[in-house]
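The values are calculated or read from the model by the stated rules, or taken from the named source; none is laboratory data. Predicted model only: the values in this text are computed from it and were never measured. In this analysis, Cβ positions are derived from the backbone assuming ideal geometry, glycine residues included, and neighbour counts consider all displayed protein chains. For the accessible areas, the whole protein counts, side chains as well, though only heavy atoms, and no ligand, DNA or RNA atoms are used. Shrake-Rupley method; radii C 1.70, N 1.55, O 1.52, S 1.80 Å.
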Amino acid sequence: MKFFVDTADVEAIAELNDLGMVDGVTTNPSLILKSGRDIIEVTKEICSIVSGPVSAEVVALKAEDMIAEGRKLAEIAPNIAVKVPLTWDGLKTCKVLSSEGKMVNVTLCFSANQALLAAKAGATFISPFIGRLDDINLDGLELISDIREIYDNYGFDTQILAASIRTANHVTQCALIGADVMTAPPAVIKAMASHVLTDKGLDQFMKDWAKTGQKII
Ligand code: E4P
């Protein structure tokens, strides 16, 4: 399973990248706002750190304008994946940009039918949003599972990029289902290292070690 980090925070990306935890990055307009940086500048910096796909999202709503924005974003670096919303105009944009050989990430996916359309339009990645479905009492993980089954039934090569991941357990479940990629905020990736029994065990080892009176160095 590939790990993308869902942030435009360059320091956080660099820290995880040094550990080999970053296969790519996803950003969106809200994450650009949070970074307080210029979209072109920050995306260029991210692409200089990470060699895998870096998603940069268009903000126009009409296909013609989305295509122009997508082409401009794709000029930033060869590893840009143009992110487009799952609207009819977004699908048109996906078809045009993917036909030009650009990577396209179709985002804001909330149904299996939407995922089917994105695959038909040549998407490199489909981003179903787990957390936002859970927020309205629907089952985000079930959607990942449905898309996996449908894509496998027909051999679509669009990669399932599980998004809107809020917990470490979401990551486990996505890995079990067979999502190709997951994107999560740095805090969720770090939380994957935590276990109450690890903390408890380490605490006991430290207490016993102190009693030995020994030192390793
Ligand atoms: C993915 O590409 C999105 O940027 C992100 O996962 C959305 O997550 P959220 O629902 O927690 O904002």
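Any idea how many residues of the range 168-189 are away from the ligand (no atom under 16 Å from the Cβ) and either free of Cβ contacts under 8 Å to residues at least 24 places away in the same chain or β-branched (Val, Ile, Thr) (or both)?
3
Looking only at the range 144-164, filter to residues that are of a type in the set (Ser, Thr, Tyr) and open to solvent by 10 Å² or more (accessible area, probe 1.4 Å); which one of those is farthest from the ligand (Cβ to nearest atom)?
154
Answer yes if at least one residue in the range 192-212 is closer than 22 Å to residue 22 by Cβ, among the hydrophobic types (A, V, I, L, M, F, W, C) and away from the ligand (no atom under 13 Å from the Cβ), and no otherwise.
Checked the range 192-212: at least one residue is closer than 22 Å to residue 22 by Cβ, among the hydrophobic types (A, V, I, L, M, F, W, C) and away from the ligand (no atom under 13 Å from the Cβ).
Would you please name the residue that is farthest from residue 110 (Cα to Cα), looking only at residues in the range 165-217 that are surrounded by fewer than 16 Cβ atoms within 10 Å (Cβ to Cβ) and of a type in the set (Val, Ile, Thr)?
Checking each candidate, the answer is 212.
Take the residues of the range 18-28 that are outside any loop (DSSP other than H, G, I, E, B) and under 14 Å from the mean Cα position of the chain (by Cα): which is surrounded by the fewest Cβ atoms within 10 Å (Cβ to Cβ)?
Ranking the qualifying residues of the range 18-28, first place goes to 24.
What's the number of the only condition in (1) open to solvent by less than 50 Å² (accessible area, probe 1.4 Å); (2) of a type in the set (D, E, K, R); (3) touching a Ser or Thr at 6+ places or on another chain (Cβ under 8 Å) that residue 132 fails to meet?
Checking residue 132 against (1) open to solvent by less than 50 Å² (accessible area, probe 1.4 Å); (2) of a type in the set (D, E, K, R); (3) touching a Ser or Thr at 6+ places or on another chain (Cβ under 8 Å), the one that fails is (1).
Looking at the range 86-102, is at least one residue within 26 Å of residue 188 (Cα to Cα) and within 20 Å of the chain's Cα centre (by Cα)?
yes
Quick one: count up the residues across the range 29-65 that are touching a Pro at 6+ places or on another chain (Cβ under 7 Å) and more than 12 Å from the ligand (Cβ to nearest atom).
1
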